[in-house]
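Data first, discussion second: the structure below is written as structure tokens.
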Amino acid sequence: MANYSRSFVINDILNNLLKVELNLHDSLQDKVLNRVQQLRLNIKEDVGDFLHNLDHRIDTEDQVRAAVNLCPESLMVQNEGGRFPIQVAVRTCFSHAFVPLLAELAIEHKQEVGGPDKRGGLLMEDTFARKTLTVLEIFVCVGHRDDPYFDVDSLETLKKLKTKELLHLADIRRYKLLLRPNSGCKSRIEFLADWNPEALDMCPTRGCYPIFLVISKDVSRFKMMLKAGFKHFPNELGFLFANNAGDNTACTKAIEKFGKEKILDIIQAIIPSGEDLPILHFVMRSVPDLLNDFALRYPSATYLRDDKGRLLHHVAMASGRTMRNNAMFYLQMTDDKLEEQDPETGLFPFMLMASGEKSDLYSVFYLLRKNPSVLERQRGLVKEKRKASSTRNSKKTRVGA
């Protein structure tokens, strides 16, 4: 029978049932009522079975909408595993695209899938990979290795959730959507990071940056998160050198997990050596033991200044590290560098070297011997400051008088 003929018959039967008058004999009313109730139950089960086996290759959104309109309660039908249609759809490669429609129809027909205020089932909790996540979180992180286009198709579906206002900006941080990535959800993670880059900054419940939380998984997730972080926070270098609660940097943790060369290759691919960013300043402050490794990959960064106007040797001397065994440091300390005050503290190099908790006295004396004139300059500056201070005090005294 053609589809249009079957639809006509179904509509005709339903219309006739709806037109039945209620003045039937009592015994007949009971029989008809039982038949109608059984019919509704059968329809509910049949539509529910249909919704549990959606396939975007053969099913259309119009057909799904028509089926739900026929029996909205079918959205609440659970399969043998106790899952609703939206829970099944979010896991299945060929029904993933119907998730927004199922949530939208549940809200439209007031079907409290998963309980009240669950946004059509998107916010109901479920078990996935031995974790308790919301359907929305599962939607973002689920992947299918056998379908290379799954992530791209899922991105379009994610955009539908946003357009239909089923996905909110606050959801990204509230449900930690950026903390659930795997190698098969790159497009979705990039979309969410572009929409709410602030969510890359800090995970409020764990006290550390998302980049730390993906290192324990695999190197592709680290690469994904570093790329997103650097795109939106280039001046922080994607939080590569930020510290977690244990005072470790993401760079250090990644190298411990995956190896130095692999991580340095990834970093250089994401943060090109031609970028005008003082990456060596970050290295000197956070992971000085890796300075030589980074300097080989970012040689031009040696001559850059940071946002405070500091050159690399200023940061090195202020770090409190000894330079006694670093021959290149002494070779690079030219006269102009010896005479330049630190833009942040105003100290000359020999003073900056002596200002740390553990002063490198050998280097302090070396710098003074190489250019003792800076000591006279410092004395002159002190005299000028005293004179200026005395002048200001005298003016205040006269004004007070």
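All of the numbers you see were taken from the coordinates with simple rules; none came from a lab. Fair warning: this is a prediction, and the values are worked out from it, not measured in the lab. Backbone-built Cβ (ideal geometry, glycine too); neighbour counts: all protein chains shown.
For the peptides 265-275, 131-141, the ranking by packing is 131-141, 265-275, with the highest mean count of neighbouring Cβ atoms within 10 Å listed first. What is segment 168-308 by shape, rounded, prolate or oblate, if you read a ≥ b ≥ c off the alpha carbon gyration tensor as root eigenvalues and call it rounded for a/c under 1.5, prolate for a/b larger than b/c, and oblate otherwise? The shape class here is prolate.
Only aspartates and glutamates eight or more places from LYS227 in sequence, or on another chain, were considered; those with a Cα closer than 19 Å are ASP151, GLU190, ASP194, GLU198, ASP201, ASP218, GLU236, GLU261, ASP265, GLU275, ASP276. In this structure, the amide hydrogen of ASN243, modeled 1.01 Å from its nitrogen in the peptide plane, lies closer than 5 angstrom to no residue at least 5 positions away or on a different chain. Our summary gives segment 29-167 a relative contact order of 19 percent, counting only alpha carbon pairs under 8 angstrom and 6 or more residues apart. Per-residue packing, averaged as other Cβ atoms within 10 Å, sorts the ranges 53-63, 305-315 into the order 305-315, 53-63, beginning with the highest.
Sorting 152-161, 109-118 by their mean Cβ neighbour count within 10 Å, with the most densely packed peptide first, gives 152-161, 109-118.
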